[in-house]
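For reference, the structure discussed in these notes is given below.
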Amino acid sequence: MYQPLLSVDLTRGRLESLDVAAAIRQRWIGGTGLGIYLLSQEIRPGIRATDPECPVFILTGPLTGTEIPQSSDWVIVTVNADLPTHICASHCHGYFGARLRQAGWDGIILRGRAASPTYLWIRDGDVELRPASALWGLDTCETDVRLREALGTADRPVSVACIGPAGEQLVYGASVRAESAYGASQGGAGIAWGAKNLKAIAVSGSRPVPLADPGGLGRVAERWLQVLRDHPFKPPLAMQADGLRVMPGLAERGLVPGRHFTDPEAGVRWGRRLAEDLLRWRIEAVGSWNCEMACHHRTECTTGPMAGAVVSGYGGEVMEELGPNMGIEDPGVALALSGEVDRLGMGAGWVPRVVAMLMEAYSEGEIGLAETGGLDLRWGNYEAVLELLHLTVQRRGLGALVARGLRETARALSIEQRAVHMKGIGFNDHEQRAAPMMLFQSQVASGAGPTWQSAISLAAGTSGSEPDLGLKGLDPHDLEGIADATFRSQCKKLWEDCLGVCYFATRGIAGILLMEAEALQCATGQLLTPQDALLTGERLINLQRLVLLHLGYAAQDDFDIAPRLVEKIRSGPAAGIGLTMEELRSVRDQYYACLGWSTATGAPGRSVLERLGLDDLRIGRT
């Protein structure tokens with residue numbers, strides 16, 4: 001069963017309950033699906049995430065906060081702040097989404113801009129905008145602690161989602177953080193909040209999530225959990241603190257970059273040192289709502305110059321950016337820097353990627369102390385990295401340039417050839433050349449910029465599978481299956497992004513589409529088949545593309561990628577793997593053929609839109 005959305009006009013201070021029509025709910029479900037649809041109705045060409053009239057949708061799915069395993073997912077949908085021809089669809093976990101639904105709301109719509117720093121306080125049906133000037137300037141952990149202590153009680157815990165200094169200063173790639181450990185780190189979500197002068201949302205809920213068939217959902221949840229526990233690949237307990245523990249294995253396969261994607265062996269060395277340090281650090285697994293996997297962590301570093309540092313988060317991708325990709329080979333230093341990035345409210349592959357580019361240019365003599373403002377940006381100098389991170393959120397010195405982003409920094413310093421980018425911006429998912437499907441789906445298939453919208457399990461190697469799709473993981477040397485695997489798994493992934501369940505609870509499970517459909521029916525009363533579910537995902541792929549075209553995207557933008565990323569890896573465990581530009585074009589054309597899109601315009605064909613019921617859909621404002 002569905003609940004209303006909370007509509008917040010920050011300019012006028014107006015708070016209203018908004019019911020979404022049942023027909024829209026049934027067609028677009030919730031989460032990413034409902035968000036993209038609602039966004040499609042309000043955009044105009046040229047709109048920016050920083051415009052007061054640009055809406056921000058914070059949405060749960062119909063399974064969020066229920067008995068279904070790992071039903072913690074919530075998403076921020078708006079225009080991508082870093083890549084304005086794309087959407088932002090940034091997912092997050094923890095308890096925030098569940099408590100929002102338990103407070104009686106399925107989501108929040110933000111419009112306008114507050115006159116001064118503000119936070120939103122939701123306690124069941126009581127909603128209030130409050131001044132946040134005393135919180136402005138605090139990092140994400142400090143903000144979380146202050147609000148929970150001020151608003152929560154032992155029997156009424158509070159969840160907080162907030163921005164840090166990066167979001168306040170509209171820094172490139174700024175993220176939204178929840179409960180000090182979870183991040184909505186894609187698409188510049190933190191910029192969207194900062195532009196609205198919104199520091200935080202705090203929520204406490206005491207109501208059960210309304211369900212059409214509570215008993216039926218409980219039975220589905222029991223089956224689902226047992227399947228997860230029995231799964232041979234990664235049962236829940238094996239995934240605890242996985243954000244840290246997965247990294248050494250990825251490094252051995254060449255999936256961890258070194259020295260700004262120039263030294264694969266640096267990633268391998270770092271991974272081996274990390275494997276040793278993990279045995280000595282004090283690691284506590286941190287989970288989300290109804291989650292046994294607990295893949296996040298709270299870790300005390302006990303080794304190296306950062307001994308004593310305590311960091312919470314997911315870990316892996318952030319650490320590789322702040323460690324080997326900057327020539328920093330001490331894992332404890334990478335851990336501590338990753339914690340600092342999270343506290344400042346930065347996305348891992350954005351500002352850190354700019355810093356790595358500057359370190360490469362500095363090592364090659366293309367920039368010097370005059371350009372860096374006296375910062376010694378040699379490989380591995382973590383003290384200079386830390387200083388530059390803080391200068392960036394203050395927009396001072398070289399940090400003022402870094403805050404503007406990868407492409408602008410490269411152009412200003414005439415080092416464009418050093419920018420490792422996809423469509424002009426960063427990305428934070430490993431050494432993607434070592435998994436060509438990973439690179440392809442991030443560069444071409446995702447409508448939310450370089451992020452996941454298809455199956456990680458297929459892209460990352462032959463051990464993965466999607467049994468319901470008849471797909472097995474791809475050999476990274478075999479490029480023939482990339483287009484089909486991307487398209488079919490993208491249909492599944494986008495459908496699942498509507499439901500409010502963590503991806504780790506859905507991947508590689510035989511019969512999961514049927515369980516998902518049964519769970520949706522028990523939650524809302526809506527009856528769908530697995531085939532209907534995949535059709536919903538395909539409809540979303542096409543709606544997303546229509547939105548991108550409306551925002552000014554063109555088919556040739558598929559190939560706006562750093563030359564370094566379209567060459568084969570030259571050494572290390574993944575030597576010889578990669579997509580050349582010619583191969584990228586070939587796979588792109590195959591992918592378009594799967595979808596029925598024009599290779600000339602990138603637009604869905606009329607017959608495709610008619611089949612999906614999108615032929616008469618209005619995009620944008622009238």
| query | Please report, for the Cα atoms of segment 539-613, the Rg to one decimal and the Dmax as a whole number; what are they, in angstrom? | reply | 15.3, 49
| note | Rounded to the nearest Å, the spacing of the alpha-carbon centers of segment 201-248 and segment 318-355 is 29 Å
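Dividing the Cα convex hull volume of segment 410-549 by residue count, how many Å³ per residue is that?
Numbers: hull volume 17.9 nm³, N = 140.
So the per-residue hull volume is 128 Å³.
Please state the charge dipole magnitude for the chain, taken about the Cα centre, from unit charges on C-beta atoms (+1 on K and R, -1 on D and E), reported in debye and rounded to the nearest 20. Spell out each step's value before the answer.
On the way: 59 positive and 72 negative charges, 193 e Å.
The dipole of the chain has a size of about 920 debye.
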| field | Stokes-Einstein translational diffusion, segment 5-204 - Kirkwood Rh over all Cα pairs, 1.567 mPa s, 4 °C, in µm²/s | value | 79 µm²/s
| note | Magnitude of the Cβ-charge dipole (Lys and Arg +1, Asp and Glu -1) of segment 351-415 about the Cα centre, nearest 20 debye, reported as 340 debye
| So what J values fall out for segment 89-100 if you push phi through Karplus, 6.51 cos²θ - 1.76 cosθ + 1.60 with θ = phi - 60°, rounded to Hz, Gly and Pro as x? | 9, 9, 8, 8, 10, x, 10, 4, x, 4, 6, 4
| Contact order relative to length of segment 243-342, as percent, for alpha carbon pairs under 8 angstrom and 6 or more apart | 28 percent
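Mind checking segment 400-462 for chymotrypsin sites (Phe, Trp or Tyr not before Pro) that DSSP puts in a loop (not H, G, I, E or B) and that have at most 12 other Cβ atoms within 10 Å?
On the way: sites: Phe427, Phe440, Trp452; in loops: Phe427, Trp452.
In loop regions of segment 400-462 (DSSP not H, G, I, E or B), there are no sparsely surrounded chymotrypsin sites (Phe, Trp or Tyr not before Pro).
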| field | Ranked list, fewest to most other Cβ atoms within 10 Å of each Cβ, for Ile36, Ile569, Ile482 | value | Ile569, Ile36, Ile482
| said: Out of all Cα-Cα pairs in segment 243-342, roughly what percent, to the nearest whole number, are more than 17 Å apart? | reply: 45 percent
| request: Just round it to a whole percent: the fraction of Cα-Cα distances in segment 577-620 exceeding 18 Å. | output: 41 percent
| request: Select from the chain the helices, each a whole stretch of DSSP H, whose alpha-carbon atoms run 27 Å or more along the helix axis and whose Kyte-Doolittle mean is at least -0.5; answer none if there are none. | output: 530-550
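Can you classify segment 55-155 as rounded, prolate or oblate using the Cα gyration tensor, where a ≥ b ≥ c are the square roots of its eigenvalues, rounded means a/c under 1.5, and otherwise it's prolate if a/b beats b/c and oblate if not?
On the way: a/c = 1.62, a/b = 1.02, b/c = 1.59.
Here segment 55-155 falls in the oblate category.
How do His421, His390 rank when sorted from fewest to most other Cβ atoms within 10 Å of their own Cβ?
Values: His421 23, His390 13.
Sorted ascending by nearby Cβ count, the order is His390, His421.
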| Where Rh denotes the Kirkwood radius from the mean inverse Cα pair distance, what is Rg over Rh for segment 351-415? | 0.90
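Kirkwood Rh over Cα pairs of segment 137-236 into Stokes-Einstein at 4 °C, 1.567 mPa s: D in µm²/s? Walk me through the numbers on the way to the answer.
Working: Rh = 16.0 Å.
Once the numbers are plugged in, D ends up at 81 µm²/s.
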| note | With x for Gly and Pro, the residue-by-residue ³J(HN,Hα) of segment 610-616, computed from phi through the Karplus equation 6.51 cos²θ - 1.76 cosθ + 1.60 at θ = phi - 60° and given in whole Hz, is 5, 4, 8, x, 10, 5, 10
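With N denoting the number of residues in segment 490-548, provide Rg(C-alpha) divided by 2.2 N^0.38 Å, to two decimal places. Intermediate results must be reported in sequence, preceding the final value.
Values: Rg = 11.5 Å, N = 59, 2.2 N^0.38 = 10.4 Å.
Ratio of Rg to 2.2 N^0.38 Å for segment 490-548: 1.11.
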| If the convex hull is drawn through the Cα atoms of segment 463-614, its volume per residue in Å³ | 138 Å³
| task | Give the residues of segment 41-58 whose amide nitrogen is closer than 18 Å to a point set 7 Å from the Cα of Ala412 in the direction of its Cβ. | result | none
| task | Can you spot the lysines whose alpha carbon is less than 27 Å from Lys423's alpha carbon? Ignore those fewer than 8 places along the same chain. | result | Lys196, Lys492, Lys493, Lys568
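Can you list which of the GluC sites (Glu not before Pro) found in segment 443-552 are DSSP loop residues with at most 12 other C-beta atoms within 10 Å? Can you show the working numbers first?
Values: sites: Glu480, Glu496, Glu516, Glu518, Glu538; in loops: Glu480.
Passing sites in segment 443-552 are Glu480.
Could the peptides 509-515, 242-248, 230-236 be put in order, highest first, of the mean number of other beta-carbon atoms found within 10 Å of their residues?
Working: 509-515: 17.9, 242-248: 22.0, 230-236: 13.6.
Averaged packing, sorted descending, gives the order 242-248, 509-515, 230-236.
By count of other Cβ within 10 Å, fewest leading, how are Phe57, Phe504 ordered? Could the numbers behind the result be given before it?
Numbers: Phe57 24, Phe504 20.
Ascending number of Cβ neighbours within 10 Å: Phe504, Phe57.
None of the figures in this text is laboratory data; all of them are computed from the coordinates on show. Note that this is a predicted model, so its numbers are computed, not measured. We place every Cβ from the backbone using ideal geometry, glycine too, and count neighbours over all the protein chains shown.
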